[in-house]
Amino acid sequence: MTATTTASRTPAAPSSPPPLRRPRRGGAGGGLLTALTWILALGFFFPVAWMAMTAFKQENQASSDPPTWFFSPTLDQFRAVIGESGSYVANSAIATGVSTVLVLLLGIPAAYALSIRPVEKVSDVLFFFISTKMLPVVAVIVPIYVIAGQLKVLDNIWTLVVLYTAMNLPIAVWMMRSFFQEIPAEVLEAAAVDGAGLMKTLRSVLIPMVAPGIAATALICVIFAWNEFFFALNLTASRAATVPIFIVSTMTSEGLFLARLCAAALLASLPVILAGWIAQKQLVRGLSMGAIK
């Protein structure tokens with residue numbers, strides 16, 4: 001009798017993963033792309049650098065041909081601009097700050113209602129919000145001017161506050177809605193189990209979680225309101241004129257004004273630059289929310 005023995009097979013050892021290969025360097029192509037990137041970046045930055053340099057010149061040096069590259073810096077243009085722009089800066093600060101606060105007060109509940117607690121026909125509501133940004137401003141300035149004249153609120157800073165709020169509210173609702181949609185449903189369920197009501201959930205749970213997105217939205221509203229020119233030009237005269245109107249007023253038909261204009265533009269851009277620099281971490285986090293699933 002022949003006994004057949006079956007040899008026990010040992011399981012094969014798992015194959016080791018292939019070694020990771022270092023990415024190849026771009027070589028000449030990568031260096032060329034880097035050089036082109038630097039050239040484009042410097043090309044975009046050059047007008048800003050030229051404006052900053054011109055602001056420290058005298059008027060005859062700013063308008064010289066060929067340009068004056070070597071000069072003794074002076075603060076005369078900044079002194080003149082600061083001495084004349086006080087009321088304009090105050091008006092811009094009021095219009096920008098109050099309108100941004102109103103946008104957040106109105107936009108956060110609206111974004112919550114359109115994302116976490118969606119209303120009926122939410123797509124129609126969202127389309128209505130964004131459709132208001134499709135209408136050219138020049139098409140509505142005449143009726144706005146007539147209404148403001150009838151109400152006797154021309155050259156009034158609170159007219160600009162209302163208009164800036166209406167101008168920034170649609171884009172703010174759209175942005176904050178995308179931030180609210182990234183909140184897990186389990187968070188809301190846990191808040192409901194703990195007995196938190198709507199306002200407490202919104203104030204203590206949701207807003208801290210989307211704070212970077214709110215900061216990004218607020219900064220964008222500040223930029224839009226601070227730089228707005230068309231409404232301020234047509235609806236204000238002297239009492240409610242803002243910083244963009246002051247910059248335009250530095251240009252004259254007679255005499256030299258280029259250095260003073262550059263100084264005014266540089267000072268006008270500093271608040272937005274400082275706000276962006278201070279809130280850059282929140283801005284990056286807010287604008288990148290939802291980018292990676």
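The values are calculated or read from the model by the stated rules, or taken from the named source; none is laboratory data. Computed from a predicted structure; not experimentally measured. Cβ sites come from the backbone with ideal geometry, for glycine too, and all protein chains shown count toward neighbours. The protein model used for the area step is the full one, side chains on, heavy atoms only, and it has no ligands, DNA or RNA in it. Shrake-Rupley method; radii C 1.70, N 1.55, O 1.52, S 1.80 Å.
A few remarks follow.
- P(r) histogram, all alpha-carbon pairs of region 145-184 included - 10 Å bins from 0, percent: 26, 32, 20, 15, 6
- Per-q log10 I(q)/I(0), region 205-262, q = 0.23, 0.26 Å⁻¹ (Debye; single scatterer per alpha-carbon; no solvent): -0.92, -1.01
- The I183 and I39 beta-carbon pair, evaluated with R₀ = 45 Å, returns a calculated FRET efficiency of approximately 0.60.
- Equivalent-ellipsoid semi-axes of region 94-142, from the Cα gyration tensor, Å, largest first: 23, 19, 5
- Each peptide in 135-144, 175-184 was scored by the mean count of other Cβ atoms within 10 Å over its residues; highest first, the order is 175-184, 135-144.
- Per residue, region 67-184 exposes an accessible area of 56 Å² to a 1.4 Å probe, with every protein chain left in place.
- The lysines within cross-link reach of K121, meaning a Cα-to-Cα straight distance under 28 Å and a gap of 8 or more places when in the same chain, are K133, K200, K293.
- Chain lengthening between N60 and A139 when straightened (0.36 nm per residue, less Cα-Cα): 24.3 nm
- Dipole-positive endmost among A225, P184, I207 within region 162-279 (Cβ charges, Cα centre): A225
- Other residues with beta-carbon under 14 Å from the beta-carbon of N91 carry, at +1 per Lys or Arg and -1 per Asp or Glu, a net charge of -2.
- Overall, the accessible surface of region 104-163 at a probe of 1.4 angstrom is composed of carbon and sulfur to the extent of 73 percent.
- Across the alpha-carbon set of region 158-266, the Rg to Rh ratio works out to 1.22, Rh being the Kirkwood radius.
- log₁₀ of I(q)/I(0) at q = 0.12, 0.17, 0.22 Å⁻¹ - region 52-172, Debye sum with one point per alpha carbon: -0.72, -0.95, -1.20
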